[in-house]
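The structure appears below as structure tokens.
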Amino acid sequence: MLRCEGATLDYGSYRALSGVTMHVDKGELVVMLGANGAGKSSLFLAISGLRKLKAGSIRLGDHELAGRKPSQIVADGLVHCPEGRKLFPGMSVHKNLMLGAYVHRRDPEGSKAILERVFEMFPILREKQHQNAGSLSGGQQQMVAIGRALMGRPKVLLLDEPSLGLAPLVVKQVLAAVKAINEAGTTVLLAEQNAYAALKIAHRAYVIENGRIVMEGDPDALLGDERIRKAYIGA
Amino acid sequence: MNLSLFVQQILNGLTLGSVYALVALGLTLVYGILHIPNFSHGALFMAGAYTAFFFIGSLGANYWVALIGAAAVTAAIAVLSERLVFSRLRDSPPLHDMIAAIGLLLFIEAVAHAIWGADFRRMAPPFPGIMRIAGTVLPIQRALIIGGAIGLMIALHLFLKRTTTGATIVAMAQNREGASLVGIDLTRVSIITFAISGALAAVAAVLFAPINLISPSMGNLVILKAFVIIILGGMGSVPGAILGGMIIGFAESFGAFYISTDLKDIIAFALLVAILSLRPQGLFPAPSR
């Protein structure tokens, strides 16, 4: 479904990604583990077209994404829910969500149906739909961010650190939502620092270090790996 | 204190404030999207006045046709400046945008200079009549400025709040990366924003021209004041630009009358210093990004 081959990205003289090759199959929930600055966000930004690759290719189905504009990539069915949420703080929750459906603006009926599903998944958002997104708590803002991404009708959803800075109970809720989204048929690539919780819901995982994929495997194998436990789980 | 003279100053303040607010609105919209101070915005104001002057003087158009024509031509110049200059500097340091904007300002001024010369020109007032309101005299042209500006502000407000295209502009201003990730195209939003800013500057200039003079450097003082206004109002804030415009307009009109006409232009800058020392973030700081 999503396939990166030798993806290389530079920030000036700094190489953020060097030859990343990875893939996510249709219907999978894949976790990308890595420390701060390992290249998770750079990979996501490259996939969604916000950073231009220096070399390599990124394909969605049999469609090349490298070189396409972010707006076209969203329309192709790949939506990126970014680290730090990047909401529109001065707009209502409802408007944030509706802008998530911007590329489907010619189909308002379809978007209304998805909005209803988002409200079912996160009932608190229905209650707060007329408040400014900036006035919500961190967990609620994360729900808006995930909801906004779903409004784009993703075939593949990239979620970058959705649990960052949230209270443990909220982390659980957010990751449960991610699992439910995947089970409903959306392919998910999830970047998480919270390795243990992420591996619990994943089908497969990659480990990225210094812009390179250093390990790939099924979650149980990674959970059992001594180095992974030391580096990412702390036990 | 003479009441009718006082009311007269209120009307003068409203007139000036309306013109300043229209110019500042375009400036603040562009700043909100690109985060660059567009110094060439004053040249757009000037270009709008000359375009209307040309439509009326050389093509014999009536005032309204000239107004719409000037808005369209100036919007096109603004879009061209975005396409040819600013969009190419998107990934360079902000200083490059600023220098490019100053270059554009000088370029557009030089073009006007080459075509029309340095002489002051006068646009014949299309509506020389006056109205009397509660014992106060209000020239129709000034009523037109106030009414036109208020109408445009309401239209702009509705456009930004109620339409999807308007929402994309606000979204881009509030979080550029977030806007790109939902599929909003930065190029499209930039073009629309520049077109609106050019059209607003032109309308302000054409409304103002019959009670003022036209010259290649007519935009310079206006743009400086527009910067004062958006700094006062909060960079990127639409209500701030309107309120800031009115504050400067009123301060000038009352200052000129009750203090001294010679100090009129100093008052705006004195107010800037005074307000910013009390409220460094401006009156309506933009929401945190």
Would you mind giving the mean number of other chain beta-carbons within 10 Å of the Cβ of each residue in B:184-192, as a whole number? 2
Give me the accessible area of B:M123, 1.4 Å probe, in Å² rounded to the nearest 10. 10
Computed helical MRE - 222 nm, chain B, DSSP H runs ≥ 4 contributing -39500 (n - 2.57), nearest 500: -24500 deg cm²/dmol
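Under 8 Å for C-alpha pairs, at least 6 residues apart: give me the relative contact order for the range B:3-278, rounded to a whole percent. Don't skip to the answer; put the middle values down first.
On the way: 421 pairs, mean separation 110.9, N = 276.
Contact order relative to length: 40 percent.
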Going by alpha carbons, how many degrees (0 to 90, nearest 10) lie between the helix axis of B:264-278 and the longest principal axis of chain B? 50
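Rounded to the nearest 0.05, what FRET efficiency do B:A76 and B:S217 have when you use their Cβ-Cβ distance and R0 = 22 Å? If you can, show how the numbers build up before the last one.
Working: r = 22 Å, r/R0 = 1.02.
In this case the efficiency is close to 0.50.
What average count of beta carbons from other chains do you get within 10 Å of the Cβ of residues in A:84-96? Don't skip to the end; give the middle numbers.
Working: counts 3, 2, 10, 4, 11, 7, 9, 7, 0, 0, 0, 4, 6.
Per residue, the average neighbour count from other chains is 5.
So if a site counts as exposed when it's one of the trypsin sites (Lys or Arg not before Pro), its DSSP state isn't H, G, I, E or B, and it has at most 13 other Cβ atoms within 10 Å, what's the longest stretch of chain A without one? List each step's numbers first, then the result.
Details: sites that count: A:K26, A:K52, A:R106.
Result, exposed sites excluded: A:107-235.
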Is it possible to state the helix-based mean residue ellipticity at 222 nm for chain A, with each DSSP H run of 4+ residues giving -39500 (n - 2.57), the sum divided by total residues, to the nearest 500 deg cm²/dmol? What is it? -10500 deg cm²/dmol
How well do other chains shield peptide B:171-177, expressed as the mean number of their Cβ atoms within 10 Å of each residue Cβ? 6
So what does A:E64 come to for accessible area, using a 1.4 Å probe and Å² rounded to 10? 60
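For chain A, state the semi-axes of the equivalent ellipsoid (square roots of 5 times the eigenvalues of the alpha-carbon gyration tensor), sorted largest first and rounded to whole angstrom.
Values: eigenvalues 153, 92, 50 Å².
Each semi-axis is the square root of five times an eigenvalue, giving 28, 21, 16 Å.
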Could you give log10 I(q)/I(0) at q = 0.09, 0.14 Å⁻¹ for the range B:8-137, computed by the Debye formula over C-alpha point scatterers of equal weight, without solvent? -0.34, -0.76
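FRET efficiency for B:D119 and A:E109, Cβ-Cβ distance as r, R0 = 60 Å, nearest 0.05? Display every interim value, and only then the final one.
Numbers: r = 61 Å, r/R0 = 1.01.
Computed FRET efficiency for B:D119 and A:E109: 0.50.
From largest accessible area down, sort A:M151, B:M246; use a 1.4 Å probe on the protein chains.
Details: A:M151 0, B:M246 35 Å².
Final ranking, largest accessible area leading: B:M246, A:M151.
For chain A, what's the relative contact order in percent, using C-alpha pairs closer than 8 Å and at least 6 residues apart?
On the way: 460 pairs, mean separation 65.3, N = 235.
Computed over chain A, the figure is 28 percent.
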Highest to lowest packing among B:77-89, B:180-192, scored as the average C-beta count within 10 Å: B:180-192, B:77-89
Cα to Cα, under 18 Å, and not fewer than 8 places away if on the same chain: which lysines meet these conditions relative to B:K161? A:K95
For the range B:237-242, in residue order, the Karplus 3J(HN,Hα) values (coefficients 6.51, -1.76, 1.60; θ = phi - 60°; whole Hz; Gly and Pro = x) are 8, 6, x, x, 5, 5
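At 1.4 Å probe size, with every protein chain present, just tell me what the per residue accessible area of the range A:39-165 comes to in Å². Can you show the working numbers first?
Values: 4950 Å² over 127 residues.
Computed with neighbouring chains in place, this is 39 Å² per residue.
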Which ³J(HN,Hα) values in Hz, rounded to whole numbers, follow from the phi angles of the range B:121-136 under the Karplus curve 6.51 cos²θ - 1.76 cosθ + 1.60, where θ = phi - 60° and Gly and Pro get x? 10, 10, 9, 4, x, x, 10, x, x, 10, 10, 10, 10, 6, x, 10
If you plug each phi of the range B:184-189 into the Karplus form 6.51 cos²θ - 1.76 cosθ + 1.60 with θ = phi - 60°, what whole-Hz ³J(HN,Hα) values come out, in order, with x for Gly and Pro? 7, 8, 4, 4, 5, 5
Please give me, ordered by residue number, the trypsin sites (Lys or Arg not before Pro) of the range B:95-165 that lie in loop per DSSP and have at most 16 other Cβ atoms within 10 Å. B:R122
Taking the full set of protein chains and a 1.4 angstrom probe, give the accessible area of A:V79 in square angstrom, rounded to the nearest 10. 10
Over the Cα atoms of the range B:3-278, how large are the radius of gyration and the largest Cα-Cα distance (Dmax), in Å? 18.4, 58
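In whole percent, and with a 1.4 Å probe on the protein chains, what portion of the accessible area of the protein assembly as shown is carbon and sulfur?
Numbers: 13560 of 22210 Å².
Here it works out to 61 percent.
Checking an interface number: how much accessible area is buried between B and A, summed over both chains, with a 1.4 Å probe, in Å² rounded to 100? Please report the intermediate quantities before stating the final value.
Working: alone 13100 and 10970 Å², together 22210 Å².
It comes to approximately 1900 Å² buried between B and A.
Accessible area per residue of chain B at 1.4 Å probe, in Å²?
Averaged over the residues of chain B, the accessible area is 42 Å².
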Placed amide H near B:M235: partners under 5 Å, 5+ positions off or other chain: B:A286
Stokes-Einstein D in µm²/s, Kirkwood radius over Cα pairs - the range A:1-42 at 37 °C with 0.692 mPa s viscosity: 286
In this structure, among A:K54/A:K179; A:K112/A:K179; A:K86/A:K155; A:K26/A:K230, pairs with alpha-carbon gaps over 27 Å are A:K54/A:K179; A:K26/A:K230
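The values are calculated or read from the model by the stated rules, or taken from the named source; none is laboratory data. Owing to the predicted nature of the structure, the values given are computational and were not obtained by experimental measurement. Cβ sites come from the backbone with ideal geometry, for glycine too, and all protein chains shown count toward neighbours. Surface accessibility is based on the protein's heavy atoms, side chains included, excluding ligands, DNA and RNA. Shrake-Rupley method; radii C 1.70, N 1.55, O 1.52, S 1.80 Å.
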